[in-house]
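Some notes on the structure that comes next.
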Amino acid sequence: FDKVLKRFGLTFSPVDASDIEAVEKSMRPQTRMVWLESPTNPLLRVVDIDAVSEVAHSHGAMVCVDNTFATPYLQQPLHLGADVVVHSSTKYIGGHSDVVGGAMMTNDDELEKQLRFHQNAVGAVPSPFDCWLLLRGVKTLALRVERQSENALAIAIGGMVSFEVADEPTALRTLARLKIFALAESLGAVESLAEHPARMTHASIPAEERKRAGVGDGLIRLSIGVEDVADLLADLESAFR
């Protein structure tokens, strides 16, 4: 938002979307959209999309939900009041770490026409092969999410898991000891991944701002894959020793 969209004259006000009262207080006459993700990355906080949508709509603003972590299989924000839903289809939808893409959907026909025009106008059109890879991923989305959720339940609830260790050296040492979990920023694929948000996915955020958001130097994020769960548990237990 700050590095790209501000150049177009847009302004943004960060707010904890899980705090409905804070969302209400943050609304301004010029507010046009509330953008949120649920669960959040990397802390996995859950937002009441229905309540946020009610607040936003009462002020004449749209709601856009990044549903990448929840996947369409587990959560459908359009049914909860959202106007637009976006996905990094690189993640769970593709599911095999072999395609880069994004998806946007809405149940507003007029808005869909506008979005489709802008997509074509700016050239944000994936290749036929990328589309084929994503369609292949959609076919197994339910199977993969079910297995990933079952595996994650044996470790901690949810296909994404975040936890904090003592400090950054401990986090880096833990990650270095993992054998099955690959060190990578992506998520939602068939293989299990681990990453250090402070140095990887959230490294571009100033340290003080990052820590205020709860993303500390000891935080580790896991994306659970479809491997044998006993192997995953053994890998984690070995890394924690």
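Taken together, the values in this text are just the output of simple stated rules run on the coordinates, not laboratory data. Please read these numbers as outputs of a predicted model, since none were measured by experiment. Backbone-built Cβ (ideal geometry, glycine too); neighbour counts: all protein chains shown.
A compact table of results
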| quantity | calculated |
| --- | --- |
| Charge dipole of segment 94-241 about the Cα centre (unit charges at C-beta), most positive-ward option of PHE117, GLY94, SER149 | GLY94 |
| Segment ARG199-ASP16, extension gain: residue separation times 0.36 nm, minus the distance between their alpha carbons | 63.6 nm |
| Beta bridge orientation in segment 141-240: antiparallel %, DSSP, nearest 5 | 80 |
| Long pairs among LYS3/LYS211; LYS139/LYS179; LYS179/LYS211, criterion Cα-Cα beyond 26 Å | LYS139/LYS179; LYS179/LYS211 |
| Spatially proximal aspartates and glutamates relative to LYS113 (Cα-Cα < 15 Å; intrachain offsets below 8 disregarded) | ASP83 |
| Amide hydrogen neighbours beyond the local backbone of VAL63, cut-off 5 Å, H modeled | VAL34, ASP83, VAL84 |
| The chain - share of DSSP beta bridges that are antiparallel (%, nearest 5) | 55 |
| Burial ranking of peptide ranges 183-196, 166-179 (average Cβ count within 10 Å, highest at the top) | 183-196, 166-179 |
| Protection proxy ranking of 85-95, 203-213 - average other beta-carbon atoms within 10 Å, highest first | 85-95, 203-213 |
| Mean Kyte hydropathy of -0.5 or more with a Cα span along the axis of at least 15 Å, helices from DSSP in the chain | 128-139, 141-155, 229-240 |
| In sequence order, calculated HN-Hα J values of segment 178-185 (Karplus, 6.51, -1.76, 1.60; Hz; x Gly/Pro) | 5, 10, 8, 5, 7, 7, 6, 7 |
| Relative contact order of the chain, pairs being alpha-carbon contacts under 8 Å that are 6 or more residues apart, as % | 15 |
| Of (i) 61, 37, 28; (ii) 54, 42, 31; (iii) 47, 41, 33, the label for Cα extents along the principal axes in Å derived from the coordinates | (ii) |
| FRET efficiency, 1/(1 + (r/R0)^6) with R0 35 Å, evaluated for SER238 and PHE117 via beta carbons | 0.10 |
| Residue-averaged [θ]222 nm for the chain, counting only DSSP H segments that reach four residues, each worth -39500 (n - 2.57) | -11000 deg cm²/dmol |
| Rounded Å value of the spacing that divides the Cα centres of segment 177-217 and segment 119-136 | 28 |
| Cβ-derived FRET efficiency at R0 22 Å, ALA207 paired with ARG177, nearest 0.05 | 0.30 |
